[in-house]
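Below: one structure, written as structure tokens.
The values are calculated or read from the model by the stated rules, or taken from the named source; none is laboratory data. This one's a predicted model, so the numbers in the text were calculated from it and none came from an experiment. Cβ placement follows ideal geometry from the backbone for every residue including glycine, while neighbour counts extend to all protein chains displayed. To get the accessible areas, we keep the full protein, side chains included, count just its heavy atoms, and leave off ligands, DNA and RNA. Shrake-Rupley method; radii C 1.70, N 1.55, O 1.52, S 1.80 Å.
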Amino acid sequence: MKKYIVLLFLIVPGFLMAQKGTLQGLLVNAINNEPVPFANVLIYGTAIGSVSDLDGNFKFFGLEPGFVRVQVSSIGFETKVSDEIQVTNAKTRFIEIKVVESTTDLEEVTVKTSQFKRKEESPVSMRSIGIAEIEKNPGGNRDISKVIQSLPGVAGSVSFRNDIIVRGGGPSENRFYLDAVEIPNLNHFATQGASGGPVGMINVDFIRNVDFYSGAFPANRGNALSSVLDFQQIDGNKEKMKYRATIGASDLALTLDGPIGDKTSLVFSARRSYLQFLFQVIGLPFLPTYNDVQFKIKSHIDEKNEITFIGLGALDQFELNLKANETEEQRYILGYLPVNEQWNYTVGGIYKHYREKGYHTLVLSRNHLNNSAYKYLDNDETTPKIFDYKSDEVETKLRYENTMRTEKGFKINFGAGMEYAQYFNDTYQLRFVNNAPVAIDYETNLDLVKWSGFGQVSKGIFNQRLIVSLGLRMDANNYSSDMNNLFEQISPRLSLSYPIGDKWAANFNTGKFYQLPPYTTLGYGGQNGVLVNKDNGIKYIQSDHLVGGLEYLPNEKSKITLEGFYKKYNDYPFSVNDGVAISSKGSDFGTFGDEEVTPTGVGRSYGIELYMRHTSLFKFNTILSYTWVTSEFEDATGSYIPTAWDNKHLFNLTATRSFKNNWDFGFKYRFAAGAPYTPDDLVKSSYISAWDAQQRAYLDYSQFNSVRLNNFTQLDVRVDKSFYFDNWSFMVYLDIQNILGSKIDTPDILTVDTDVNGVKVIDNPGDPIADQRYKMRFIETNGQGTVLPTIGIMFEF
């Protein structure tokens, strides 16, 4: 095997030398979209330069293939370093760079060039992730959810899922935007009501840059408590249609981009997984299949008007492999896993009209999630179903924004939003409540209208020495009288940034944020179809944030930040049956929030984050992050207990480097202190009626998160090799996750004991049926984790 891998990388005739690349761009004023002529344009970090023409165009020829940034400087504008863009020989790369007019005289302040993005609204808790970090992240497999787990304050749940845990908040507390269009989730096989899943849904070929906010959310981004991910996509090629074919770690993909008119471009991709074939060969008891499509159409109507259409859709199918039942663990998994099918899509249009000192933005979108699952007892389809679930979530959204910069240096953004949501749920499920089996059988049809208003004003004062940003947001909906008053959900926020000398800055943010509980909670029908959570007074979840930190820029290649944060939660949904806030849930497959709750959960998380970034440390692009975090919620007695996200210590080190002849190497080391978990309730789980209702153990909530797993470490490495020929390129990578074979500590599995014929053993067959219990035993897991090598191949032509 090793011999073939080496051949794959090296057996290319020496006379096929690397070709050169071309980069073409356009410079425009960020506020009015007018071209910026006669600007100095450099390939950042080199002496390769050009000047924009009268229409703001520039072009570079003969560039070495790879990732580059463009630096722009012009009188009357702030110096700008662009996002990364990948240059290849296969096609001319296009980039549009928006530059901001300077509000400060050159004599008043010295502006230093930096590739590290800063925003007035979010001087803390915002990281910008470039395409190179995503493409070649070791262990990331071109999946953005895995990449951001290297950032400070971010933890994952388990190795086979993409849950995003930010500053001790649950995976349901994040929001995602794709070119200003909100998308409900990032992942295939998504947990309904939360955001996690095993595989990312966004094709990295589309991504130009990602802004990740772990706090200090702008006022125009609502309904989030822990994070906002804002994706900016590339525009289509303006020269001619080009193609990229990819064989990834788990799927096949084809991407095309190019012009479809004089002023319009298209980017389109389709992917299909081949995991189901691999899983069948290696004998796993489940067979997942996913498909997705993505597109972006952008049309420059004229200099002052542009319109963009984006789309993202997926079809996910999950079947059981009933032949894979040789081991006890396989039989246990087959016992509780349902058959599941899920599809979803988001389509949206973004219209922008530019004027002299600002622009209008109108965003209209629609998203739809369809989720269905069923389960038979012991997978015997001749018996009645013990679980049958069908659900739809449909949202139609309209948002208007007005953005402007005044001559006195004010940056102003304000707007409003309307949303019409439809939620359908048809559920039949056996549950074991109050020591008795209960059939949850209801149908919900919920129509919801939401409305919002927001505004934010930013200004540099004292000759730009102090940057102040003040924002306000209000949200409401017609679900109930507890939510229909805008003034009950007023969300103010304040950011401050003050430079200390040439290299230091002190930054601060505080704000009050609100999030609507998931539709699964709003539409839960209980035993008789009544919206019990509406009767219980469910309301918006509230979180108060306080963040402060120091930023140090030793030079243009490095950045160090130290931040402290405190988050206070109120009105969190609190499980009536389990006696805990549902904040620790949401990291399993299926659904989240579909249970009776009260709006009485109170919690907090706090910690310290260290972030160090150097783009050329011993020629390695290096990111180091450390987080100390405490996350806890009150139990029924009012005592604070840890949540499932109370890792305490998180450490990540990622380093990548380019070598001669288009070789790249990178590694990522991760450490996470042991997370809390809840032991199984042996007595409750052993009752026949209890076990048969869900085919797996029940947690002992009287010992909620009282035990901790062992610490977790993992080392991932990746090697890339690129070949550039005349008009086409070939890239291949070898990614090895967990190269040291570290084991992830997992609790032993509680299951029913069986006799030699596979029949479940009953401990007390002579007792009344309601009192009969299975004989239980534990399956020793001895930890999970193996070395996982994958090879990826990309052709561009």
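Here is a check on your reading of the model: is LEU322 within 18 Å of ARG696 (Cα to Cα), touching a residue at least 12 places away in the same chain (Cβ under 8 Å) and assigned to a helix (DSSP H, G or I)?
no
Right, ASN484: assigned to a loop (DSSP other than H, G, I, E, B), modelled with pLDDT under 95 and out of contact with any helix residue (DSSP H, G or I) (no Cβ under 8 Å at 6 or more places or on another chain) or not?
no
Report the residue count in the stretch 429-464 for those that are of a type in the set (Lys, Arg) and open to solvent by less than 40 Å² (accessible area, probe 1.4 Å).
Qualifying residue count for the region: 1.
List the number of the failed condition for ILE560; all other conditions in (1) closer than 29 Å to GLY455 by Cα; (2) free of Cβ contacts under 8 Å to residues at least 60 places away in the same chain; (3) touching a Phe, Trp or Tyr at 6+ places or on another chain (Cβ under 6 Å) hold.
(1)
Counting just the residues of the stretch 152-175 that are closer than 27 Å to THR361 by Cβ and out of contact with any Pro (no Cβ under 8 Å at 6 or more places or on another chain), which one comes out most open to solvent (accessible area, probe 1.4 Å)?
Among those residues, the one meeting the criterion is ARG175.
Does ILE490 satisfy the condition of being over 29 Å from SER616 (Cβ atoms) and at pLDDT 95 or above?
yes
This table checks each residue for (1) surrounded by fewer than 19 Cβ atoms within 10 Å (Cβ to Cβ); (2) touching a residue at least 40 places away in the same chain (Cβ under 8 Å); (3) of a type in the set (S, T, N, Q).
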{"position": "LYS242", "(1), (2), (3)": "no, yes, no"}
{"position": "GLY248", "(1), (2), (3)": "no, yes, no"}
{"position": "LEU252", "(1), (2), (3)": "yes, no, no"}
{"position": "PRO259", "(1), (2), (3)": "yes, no, no"}
{"position": "ASN291", "(1), (2), (3)": "yes, no, yes"}
{"position": "SER299", "(1), (2), (3)": "yes, no, yes"}
{"position": "ILE307", "(1), (2), (3)": "yes, yes, no"}
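For the stretch 673-691, how many residues meet the condition of being part of a helix (DSSP H, G or I), of a type outside the set (D, E, K, R) and out of contact with any Ser or Thr (no Cβ under 8 Å at 6 or more places or on another chain)?
7
Per-residue answers, yes or no, for (1) modelled with pLDDT under 95; (2) loosely packed, with under 15 Cβ neighbours inside 10 Å; (3) farther than 29 Å from HIS360 by Cα:
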position	(1), (2), (3)
LEU10	yes, yes, yes
GLY25	yes, no, no
TYR44	yes, no, yes
LEU54	yes, yes, no
PRO65	yes, no, yes
VAL68	yes, no, yes
SER74	yes, no, no
THR88	yes, no, yes
VAL100	yes, yes, no
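Of all residues in the stretch 208-221, which are open to solvent by 10 Å² or more (accessible area, probe 1.4 Å) and either without any contact (Cβ under 8 Å) to a residue 24 or more places away in the chain or not polar (S, T, N, Q) (or both)?
If the condition is that a residue be open to solvent by 10 Å² or more (accessible area, probe 1.4 Å) and either without any contact (Cβ under 8 Å) to a residue 24 or more places away in the chain or not polar (S, T, N, Q) (or both), then ARG208, PRO218, ARG221 are the ones that fit.
Condition check ((1) open to solvent by less than 40 Å² (accessible area, probe 1.4 Å); (2) in contact with a Leu (Cβ under 6 Å, 6 or more places away or on another chain)) across all residues:
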position: TYR351; (1), (2): no, yes
position: TYR354; (1), (2): yes, no
position: ASN402; (1), (2): yes, no
position: LYS408; (1), (2): no, no
position: THR427; (1), (2): yes, no
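Quick grid of which residues meet (1) outside any strand (DSSP E or B); (2) over 30 Å from GLY66 (Cα atoms):
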| site | (1), (2) |
| --- | --- |
| ARG718 | no, no |
| SER722 | no, no |
| SER729 | no, no |
| LEU734 | no, no |
| LEU750 | no, yes |
| ASN757 | yes, yes |
| PHE778 | no, yes |
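Of all residues in the stretch 772-784 being under 17 Å from VAL752 (Cα atoms) and open to solvent by less than 70 Å² (accessible area, probe 1.4 Å), which is modelled with the lowest pLDDT?
The residue in question is THR781.
Answer with yes or no whether ALA675 is out of contact with any helix residue (DSSP H, G or I) (no Cβ under 6 Å at 6 or more places or on another chain), closer than 24 Å to ASP753 by Cα, surrounded by 20 or more Cβ atoms within 10 Å (Cβ to Cβ) and at pLDDT below 95.
No.
Please specify each residue of the stretch 593-611 satisfying the condition of being open to solvent by 10 Å² or more (accessible area, probe 1.4 Å) and not in a strand (DSSP E or B).
Matches in the stretch 593-611: ASP594, GLU595, GLU596.
Given GLU135, GLU120, which one is surrounded by fewer than 23 Cβ atoms within 10 Å (Cβ to Cβ), modelled with pLDDT of 90 or more and more than 15 Å from the chain's Cα centre (by Cα)?
Result: GLU120 is the single residue among GLU135, GLU120 that is surrounded by fewer than 23 Cβ atoms within 10 Å (Cβ to Cβ), modelled with pLDDT of 90 or more and more than 15 Å from the chain's Cα centre (by Cα).
Conditions first: (1) among the hydrophobic types (A, V, I, L, M, F, W, C); (2) open to solvent by 30 Å² or more (accessible area, probe 1.4 Å); (3) out of contact with any Gly (no Cβ under 6 Å at 6 or more places or on another chain); (4) at pLDDT below 95. ALA690 passes all but one, so which condition is the exception?
Failing condition for ALA690: (2).
Which one of these is open to solvent by less than 10 Å² (accessible area, probe 1.4 Å) and either under 24 Å from ILE297 (Cβ atoms) or aliphatic (A, V, I, L, M) (or both): ALA180, ALA224?
ALA224
Which pairs have Cβ atoms under 6 Å, sit 6 or more apart or on different chains, and link a residue in the stretch 678-697 that is farther than 16 Å from TYR332 by Cβ to one that is of a type in the set (S, T, N, Q) and surrounded by fewer than 21 Cβ atoms within 10 Å (Cβ to Cβ)?
Hits for this filter: PRO679/GLN703; ILE688/GLN772.
Tally time: how many residues in the stretch 465-487 are open to solvent by 60 Å² or more (accessible area, probe 1.4 Å) and in contact (Cβ under 8 Å) with a residue 24 or more places away in the chain?
Matching residues across the stretch 465-487 total 5.
Restricting attention to the stretch 635-647, and to residues there that are assigned to a strand (DSSP E or B) and either open to solvent by less than 60 Å² (accessible area, probe 1.4 Å) or without any contact (Cβ under 8 Å) to a residue 12 or more places away in the chain (or both), which single residue is farthest from ILE134 (Cα to Cα)?
ILE641
Within the group GLY526, GLY586, GLY579, which residue is touching a strand residue (DSSP E or B) at 6+ places or on another chain (Cβ under 8 Å) and either in a strand (DSSP E or B) or within 24 Å of ASP700 (Cα to Cα) (or both)?
The conditions single out GLY526.
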